[in-house]
């Protein structure tokens, strides 16, 4: 969407882009003052670690959504990636890491090919692969009865459990990927193509933007990242848990939207997505701190929060 | 002369091919159901029994009721992800009011459904939020709210009259199946024979044009989402009654995906502007038959899910719009 930059527009944009960041800062300050334990290094480390897995998935989702698409398969691919990593870990570090990336990447590639080449809706194609990936997971785990364990002495476990200054490796992986993702999105021609594809697909095609190739790439990326997040989680849990990741695609979409990326495509930032993850995780953390509230309130608050953000975004855009 | 004949011949070939694709697009779901029925009649033991058909229909009834609403929403170029959460809300409400009689409990559940749906419709129509996001908020929050209401507990229900809804039958036809069939007729009438139905399809086809033509776009959209909400609540009530327990944690889980699948497999395009009620009914029956066939032939869940995925892709591939 091309708009003429006017003063109001610029101000709106700042609010839109910084709105989530302002909310995050406020949440953190208030939580810190209210719950002394919130600010403890242990809690912050835990918070960052919990958020890192979602960040990895949400980076891919951000790219997909900017092209105007959606990827519902990431929750299943996340679980599949974890199981594949745990199974592969018996053949060493490399197998544990590459197997999930390759398999989930290929499923993402198929998503992309179907969407780009056959004009089928992303929603329905990735809905089918959500089912397919879950089915594949069940097939390799004896219908979910078999949870593969990762040997404790495996180097792979270190990837999930190792720490630097107490901060887990997954946090660094997520941070590096976020920086990389931001650079790819803003500094490369591929990134420009991603924006162009989502902004005005017809015009992009006419201008010679490789729309089909761009779409194939973003879905492949999204699948691979979901697989990686699963592998990291498996390394952290030391096993391939079969039942995780149900509904995770919706969490990922929610944080991307909270971060200011428009579902209509053509606009969005990785930083916003990271902030979106931060917000959701801080809310969950605070609800846990309150203690007397049962965990069901987490989803109520998350839902209300998502609602407030999208309504505000909509009002600011007018 | 020869050239004209060849051209004419080519044209005929092309138009027959196009006609064949078109026919397959329109009738694929009926053919698929017929093929599956035939296959089961020949190769599945105890398939052609009244008991089996009743079981299949009873299992399909709540999905069908939800899918009917989903078809309407998709017809407006929208989608409703909150239907499963609304079912859970309805389930959570029932034990609270069952003391005041089953009628009171059911009414309250349906009121919640209407309110939830109207709220979605308000967000989509008046605030202008994309349907996926607007209904995603209720999907995330709704089930949580249902669990908060129910205190996270499963509650056994003992009210005879209420349980009759799930177990009773009229002339051998289970009540829930009757209700589902009746609602299918109502929704079909609504889409094909009323102004509301025509306006709904017009909005889905081209919202801007519909607005310019002076159609009451907001009112119709809110109405459509409210109908979807109440249908989801009805499905929640029936499923709760059949379960003889209020179980907000599991009630309607992933129902949005089943409903969307059935609607799309039934030939209603996600791009809006068209609602196929009979197709939706057969879409639900097809997915139910697929599941039943796989189970009866002892195929594991894993294979069943992968086959369902393939069927969804195949159905949408056939029905897709050409560039």
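Quick notes
- Criterion (within 14 Å of chain A (Cβ to nearest Cβ), touching a helix residue (DSSP H, G or I) at 6+ places or on another chain (Cβ under 7 Å), surrounded by fewer than 24 Cβ atoms within 10 Å (Cβ to Cβ) and in a helix (DSSP H, G or I)) met by exactly one of B:140, B:148: B:148
Yes/no matrix, rows are residues, columns are (1) over 21 Å from residue B:142 (Cα atoms); (2) in contact with a strand residue (DSSP E or B) (Cβ under 6 Å, 6 or more places away or on another chain):
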position	(1), (2)
B:154	no, yes
B:162	yes, no
B:179	yes, no
B:195	yes, no
B:208	yes, no
B:217	yes, no
B:224	no, no
B:230	no, no
B:237	no, no
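- The single residue among B:197, B:181, B:166 that is in contact with a helix residue (DSSP H, G or I) (Cβ under 9 Å, 6 or more places away or on another chain) and free of Cβ contacts under 8 Å to residues at least 60 places away in the same chain turns out to be B:181.
- Residue list for the stretch A:219-250, restricted to those being away from chain B (no Cβ under 14 Å) and at positive phi: A:238
- Failed item, numbered, when residue A:133 is tested on (1) crowded, with 22+ Cβ neighbours inside 10 Å; (2) touching a strand residue (DSSP E or B) at 6+ places or on another chain (Cβ under 6 Å): (2)
- Taking the listed residues A:287, A:308, A:275, A:253, the one that is over 16 Å from residue B:133 (Cα atoms), out of contact with any strand residue (DSSP E or B) (no Cβ under 9 Å at 6 or more places or on another chain), in a helix (DSSP H, G or I) and within 14 Å of chain B (Cβ to nearest Cβ) is A:287, with no other qualifying.
- Leading residue by the ranking (surrounded by the most Cβ atoms within 10 Å (Cβ to Cβ)) among those in the stretch B:270-310 that are at the interface with chain A (Cβ under 10 Å from one of its Cβ atoms) and touching a residue at least 60 places away in the same chain (Cβ under 8 Å): B:270
- Search result, residues across the stretch B:111-130 that are over 29 Å from residue A:262 (Cβ atoms) and either within 11 Å of chain A (Cβ to nearest Cβ) or surrounded by fewer than 20 Cβ atoms within 10 Å (Cβ to Cβ) (or both): B:111, B:114
- Selection over the stretch A:290-300 of residues that are modelled with pLDDT of 80 or more and either more than 8 Å from chain B (Cβ to nearest Cβ) or over 23 Å from the mean Cα position of the chain (by Cα) (or both) gives a count of 0.
- Residue list for the stretch A:103-125, restricted to those being assigned to a helix (DSSP H, G or I) and free of Cβ contacts under 8 Å to residues at least 40 places away in the same chain: A:110, A:114, A:118, A:124, A:125
The values are calculated or read from the model by the stated rules, or taken from the named source; none is laboratory data. These numbers were taken from a predicted model, which means no experiment stands behind them. Neighbour counts are summed over all protein chains in view; Cβ atoms, including those assigned to glycine, are modelled from backbone coordinates with ideal geometry.
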